[in-house]
Every structure is written in C-alpha cells, then in structure tokens.
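Worksheet: the structure to be examined is printed underneath.
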Amino acid sequence: MASIDTTAKKIEQQEVKEVAQNFSIAPIVKDYLALKNALVSDNDKAAANAGKQLYTTLKNVDMKAIPANKHKQYMEIAEDAQENAEHIGDNAGKIAHQREHLASLSKDVSDLIALFGTTQKLYQDYCPMYNDGKGAVWISEAKAIKNPYYGSQMLTCGSVKKEF
Amino acid sequence: MKKVLKIILAIVLFIFIAIQFYQPALNVDKGQVYTTDFTQFYKMPVQIKAMFQTSCYDCHSNNTKYVWYDYVQPARALVENHIKNAKEDLNFNEWGTYSNRKQERLLNSIKEQIETKQMPLSSYTLMHTDAKLNDEQIKTLTDWLKEQE
C-alpha cells in the first residue's frame with residue numbers, strides 16, 4: 001500500500017512541475033467563453049458574474065509560470081484584460097457597456113492565444129458591423145456563428161476569420 | 001417636544017462639526033506640467049483641448065478645481081473617493097505611460113461615454129454647468145476621437 005501511495009505522490013509532483021513549465025491560458029479562455037456566451041444570450045447578469053470570475057482568474061495567475069521572454073507581453077495584455085473583465089463585472093444592467101468591453105477583451109484573449117497557443121479548438125469570428133462599422137472580433141469554441149455583440153438581435157451575423 | 005427637537009438638532013450640529021475635522025488630501029498638483037499628458041500626446045485644436053480640460057480633468061487628472069462646498073463634509077469625502085476611482089480608470093495626465101492597447105481601448109471608451117451622454121456625469125454637471133457638453137460639442141469631440149483611433 002505504502003509504495004502505491006508514494007508512486008501516486010511522485011506522479012502528482014511530476015504533474016505539478018509540468019504545469020509550472022507549460023503555462024496554459026486554458027482557465028482564462030474558459031472564463032472568457034462563459035462571458036461571451038452570456039452576452040450571446042443577452043444575459044447581462046450572467047455576463048457580470050462571468051466577468052468577475054475572469055477577473056479573479058487573471059488576478060490569480062502565477063506570474064512565475066510564464067516564460068521570461070513572454071512576460072512583458074503577457075503583463076500588458078493581462079492588465080488590459082483585467083480592466084475589461086472588471087468593468088463587465090461592475091455593469092450588470094448596462095449590456096451595451098459590457099459589449100463595448102467585450103470588443104476590447106476579445107482582442108486581448110485573441111492575442112493571448114496567438115502568444116501561448118491553445119489545445120482546445122477555437123475560432124476567431126468577426127462582426128463587421130460593431131462599433132460604427134469598425135468591426136470587432138470574438139473567440140468561439142464552436143464553428144457556428146453566434147454573435148455576442150448583438151445577441152438575439154442579429155445572432156448569426158458575422159464570419160469565421162481564423163482557426164486556432 | 002420642543003426640548004427633544006433641540007437635543008436632536010444639537011446632536012446633528014455636533015456630528016456635522018465633528019466630521020469637518022476629517023479632511024483627506026486634496027487632488028491638486030500645483031501647476032505641474034506633464035510630458036505624458038493626453039493633450040501633449042495628440043495634436044488637437046485649442047477648443048478641443050479646452051473641452052477635455054473643462055469637462056473631464058476635474059476627476060480624470062491630478063488637478064481638481066474645487067468649489068467651496070467640496071471642502072465641506074460629507075461632500076468632501078464623497079468627491080475625493082469619486083476622483084480616486086475616476087483616476088484609476090483614466091488619468092489624462094498619465095496618458096503617455098499607458099500601453100498602446102490601453103490607449104486604444106480608452107479612446108473608444110471616451111468616445112462612447114461622451115456620445116451616449118454618460119460622461120461627464122449629470123450629478124457633476126448639475127453644479128458645474130460649464131462642464132456640461134452641448135450636442136455640438138459632443139459631435140466635435142467624438143468626431144475628433146474617431147479620427148485618432
């Protein structure tokens with residue numbers, strides 16, 4: 001019994017070590033997707049909760065796990081993402097304002113994926129109408145277009161721009 | 001009854017005087033010039049610069065032009081707390097220290113906030129009438145902001 005226990009412990013330790021070496025943005029992406037999906041379904045309260053969750057996740061990122069050469073870039077993106085998440089969390093009842101921050105946040109998450117990669121299949125979608133026709137991107141876990149900027153108003157508006 | 005009323009009034013007056021002793025630090029910079037300031041960062045017409053300074057800088061910079069009742073509690077604490085939060089989101093004096101990413105996001109946010117008349121706050125323009133933006137001014141500002149994006 002004792003030997004099994006120690007083997008289990010060893011494996012556990014190894015896993016911890018690997019996690020530390022390969023920094024993953026998966027928890028950030030997971031929270032982002034929940035937030036994005038809340039806005040797809042026009043749910044400002046769920047979006048606010050997801051925003052708060054994402055804020056906490058970003059705050060708890062172990063900076064030591066991030067490779068030194070990507071540290072500076074990560075800091076800059078994460079700081080911005082954190083502010084966006086905080087504002088979305090604070091603005092239940094103001095879905096238009098939450099969506100404004102989603103546009104900026106989506107850019108942040110998109111850049112994080114470009115920087116660190118993803119094991120999950122993800123799509124970068126594009127809505128050409130948002131922000132007075134300037135357009136905005138969002139990240140989705142599904143190929144089918146579900147627009148978080150307009151929700152039920154224009155659910156299928158947009159196109160897949162890139163696949164990760 | 002009259003006696004009770006007098007006592008209550010005395011207590012209220014006492015509390016009012018007591019809280020006056022709490023005076024947090026003022027948000028003033030004594031005319032410091034910032035090389036990182038928003039108005040230094042972009043080329044802008046004088047009237048646009050003046051609009052930003054009159055309508056935004058009281059809360060979103062290191063220098064507030066206080067009015068007399070801002071010195072009186074409990075307004076004093078409220079105003080100071082409000083300025084602190086405002087500066088955390090955006091401090092025009094520190095614009096040059098922000099990353100490109102942040103500047104881009106803020107430009108868009110400033111435009112949206114002005115366009116949808118959420119800023120300057122109506123609770124602020126109620127007493128600071130010169131800070132209120134009319135439709136023409138809003139258009140001038142938002143057009144200019146769109147050009148910078």
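Throughout, read-outs are computed from the coordinates displayed, never taken from laboratory work. Remember, predicted model here, so these are calculated numbers, not experimental data. Cβ placement follows ideal geometry from the backbone for every residue including glycine, while neighbour counts extend to all protein chains displayed.
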Report ³J(HN,Hα) in whole Hz for each residue of region B:83-89, in order, from the Karplus equation J = 6.51 cos²θ - 1.76 cosθ + 1.60 where θ = phi - 60°; Gly and Pro get x. 5, 4, 5, 4, 5, 5, 6
I need the phi-derived Karplus couplings for region A:115-121: 6.51 cos²θ - 1.76 cosθ + 1.60, θ = phi - 60°, integer Hz, Gly and Pro marked x. 7, 10, x, 8, 8, 7, 6
Between A:K59 and A:E79, what is the label-to-label distance in nm when each label sits 7 Å out along the Cα-to-Cβ direction? 1.8 nm
Pairs from A:K59/A:K162; B:K84/B:K111; A:K70/A:K143; A:K143/B:K146; B:K43/B:K87 whose Cα-Cα separation, in the structure shown, is over 26 Å: A:K59/A:K162; A:K70/A:K143; A:K143/B:K146
Which far-off residues, 5 or more places away or on another chain, put their amide H under 5 Å from the one on A:L122, with H placed in the peptide plane? A:F164
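Using a 10 Å cut-off around each Cβ of peptide B:100-108, what is the average number of partner chain Cβ atoms that fall inside?
Whole-number average of other-chain Cβ neighbours for B:100-108 is 4.
What per residue convex hull volume, in Å³, do the alpha-carbon atoms of region B:26-148 yield?
So the per-residue hull volume is 105 Å³.
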Based on the mean of other Cβ atoms within 10 Å per residue, sort peptides A:74-80, A:112-118 so the most packed one is first. A:74-80, A:112-118
On a 0 to 90° scale, report how tilted helix A:44-59 is relative to the longest principal axis of chain A, with both axes built from alpha carbons and the result rounded to the nearest 10. 40 degrees
C-alpha center-to-center spacing [region A:134-153, region A:73-115] in angstrom: 15 Å
Mind checking which of B:Q118, B:Q103, B:Q53 has the largest fluctuation in a GNM of chain B, springs on alpha carbons under 10 Å? B:Q118
Can you tell me, using C-alpha contacts under 8 Å and at least 6 residues apart, the relative contact order of chain B as a whole percent? 27 percent
Per residue of A:79-87, how many C-beta atoms from partner chains lie within 10 Å of its own C-beta, taken as a mean? 3
Give me B:W68, B:W95, B:W144, A:W138 sorted ascending by neighbouring Cβ count inside 10 Å, so fewest comes first. B:W68, B:W144, B:W95, A:W138
Tell me, what HN-Hα J-couplings in whole Hz come from the Karplus equation 6.51 cos²θ - 1.76 cosθ + 1.60 at θ = phi - 60° for each residue of region A:65-74, using x for Gly and Pro? 6, 7, x, 4, 6, 10, 4, 5, 4, 4
Taking the 0 to 90 degree range and rounding to the nearest ten, how far is the long axis of helix B:46-55 tilted relative to the main principal axis of chain B, both from C-alpha atoms? 30 degrees
Tell me, A:L39, B:L141, B:L9, B:L107 in order of fewest to most beta-carbon neighbours within 10 Å? B:L9, B:L107, B:L141, A:L39
Chain A - Rg and Dmax from Cα coordinates, angstrom: 17.8, 66
Would you work out the relative contact order for region A:81-130, in percent, from Cα pairs under 8 angstrom that are 6 or more residues apart? 32 percent
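What's the exposure ranking of B:Y34, B:Y71, going from fewest to most Cβ atoms within 10 Å?
Listed from fewest to most nearby Cβ atoms, that is B:Y71, B:Y34.
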How many Å³ per residue does the convex hull of the Cα positions in the protein assembly as shown occupy? 249 Å³
Between helix A:2-21 and chain A: long-axis angle, C-alpha atoms, 0 to 90°, nearest 10: 40 degrees
